[in-house]
1. With a 10 Å radius around each residue's Cβ, average the other Cβ atoms per peptide and rank 149-155, 161-167, 131-137, 27-33, highest first.
2. What residue among R211, R221, R139 shows peak mean-square fluctuation when the chain is described by a Gaussian network model with Cα springs under 10 Å?
3. If amide H atoms are built 1.01 Å from N in the plane of the peptide, which residues on other chains or at least 5 residues away come under 5 Å of the amide H of G41?
4. What angle, in degrees between 0 and 90 and rounded to the nearest 10, separates the Cα long axis of helix 120-146 from the longest principal axis of the Cα atoms of the chain?
5. Across the range 21-35, in residue order, what do the Karplus-derived ³J(HN,Hα) couplings come to in whole Hz, using 6.51 cos²θ - 1.76 cosθ + 1.60 with θ = phi - 60° and x for Gly and Pro?
6. Could you work out the local net charge near V58, counting Lys and Arg as +1, Asp and Glu as -1, over the other residues with Cβ closer than 13 Å to its Cβ?
7. What is the distance, in nm, between label points placed 7 Å from the Cα along the Cα-to-Cβ direction at L39 and at N199?
8. Which option, (1) 29, 21, 17; (2) 36, 20, 17; (3) 33, 20, 17, is the value of semi-axes √(5λ) of the Cα gyration tensor in Å that was calculated from these coordinates?
Amino acid sequence: MPEQIWHLQYHDFFSQLDAETIRRLESKSRTRTFSAGALIGLPGNSSESIFVVARGIVKISHITVDGKESIHGFISQGEIFGELSVLGDQETEERVHAVEPCSIIMIPAREVRDVMDQNSGLVLKLTKLIGLRRHRIERRLKNLLFTSNRQRLVHLLLDLAEQFGVDEGDQIRLKIKLSHQDLASLIGSTRETVTILLNQLKAEGAIETGRQKILLKRPHRLANSVSRRPVCVPLKVQSFLRLPVMA
């Protein structure tokens with residue numbers, strides 16, 4: 001089976017489609033590779049595709065009026081982005097960069113719309129996806145408005161653990177590499193403040209840090225400190241997502 005079909009057939013969003021429909025989508029799509037740091041999309045650019053991250057991690061952000069980067073979040077291997085193009089909202093308002101070397105499958109939005117016309121289950125999945133991302137944005141906005149810098153940082157570390165965490169017994173290692181400035185951009189703070197807070201958490205034995213490396217040593221205690229449920233780390237990425245992707 002061609003590798004691109006593997007990525008579509010076993011992606012949760014497309015998993016319920018039959019083989020013929022998957023082949024049709026695959027025949028209309030294309031795959032591009034991007035090096036770490038490469039620009040994938042700019043605000044104002046028209047997009048008529050939905051994107052599947054076959055390999056790597058991409059960063060979604062925008063530049064504020066004072067020239068600073070505000071990071072909205074990360075899309076990891078096996079996830080999709082640009083889903084609003086399916087609804088006819090083709091002009092992106094965000095910058096998209098490759099955090100690490102990436103392979104991206106681009107599927108024409110019109111093809112996905114045609115499939116959705118015949119498959120109500122796919123419509124429901126798209127609705128749930130949009131709702132989930134809206135919920136994440138609302139939670140982040142609530143944290144920005146009503147919590148301290150420390151609480152926002154703890155919530156962020158727990159969010160990252162749920163998306164990028166690797167279970168190491170009683171500890172969770174974040175497999176995404178972020179600088180202190182990245183963390184600051186995600187919680188609406190400054191690099192200096194984030195550095196101070198990380199050092200406090202490290203002194204308390206809650207985390208261990210290295211060069212763009214973070215280990216949550218006491219994830220349950222961190223969750224309790226912000227009245228949050230225990231972290232549920234993601235399942236291991238299925239093996240098909242580790243296959244080489246055609247350029």
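The values are calculated or read from the model by the stated rules, or taken from the named source; none is laboratory data. Predicted, not measured: the structure shown is a model, and the values here were computed from it. So basically every Cβ, Gly included, is an ideal-geometry build from the backbone, and we count neighbours across all protein chains shown. The accessibility values were calculated without ligands, DNA or RNA, using every heavy atom of the protein model including side chains. Shrake-Rupley method; radii C 1.70, N 1.55, O 1.52, S 1.80 Å.
1. In decreasing order of mean packing, 149-155, 161-167, 131-137, 27-33 become 149-155, 161-167, 27-33, 131-137.
2. Result: R211 has the largest fluctuation of those listed.
3. Residues meeting the amide H criterion: V96.
4. Once rounded, the angle reads 20 degrees.
5. Using θ = phi - 60°, the values come out as 5, 4, 5, 5, 5, 5, 5, 9, 9, 9, 10, 10, 10, 10, 7 Hz.
6. +1
7. Reported label-point gap for L39 and N199 is 3.6 nm.
8. (3)
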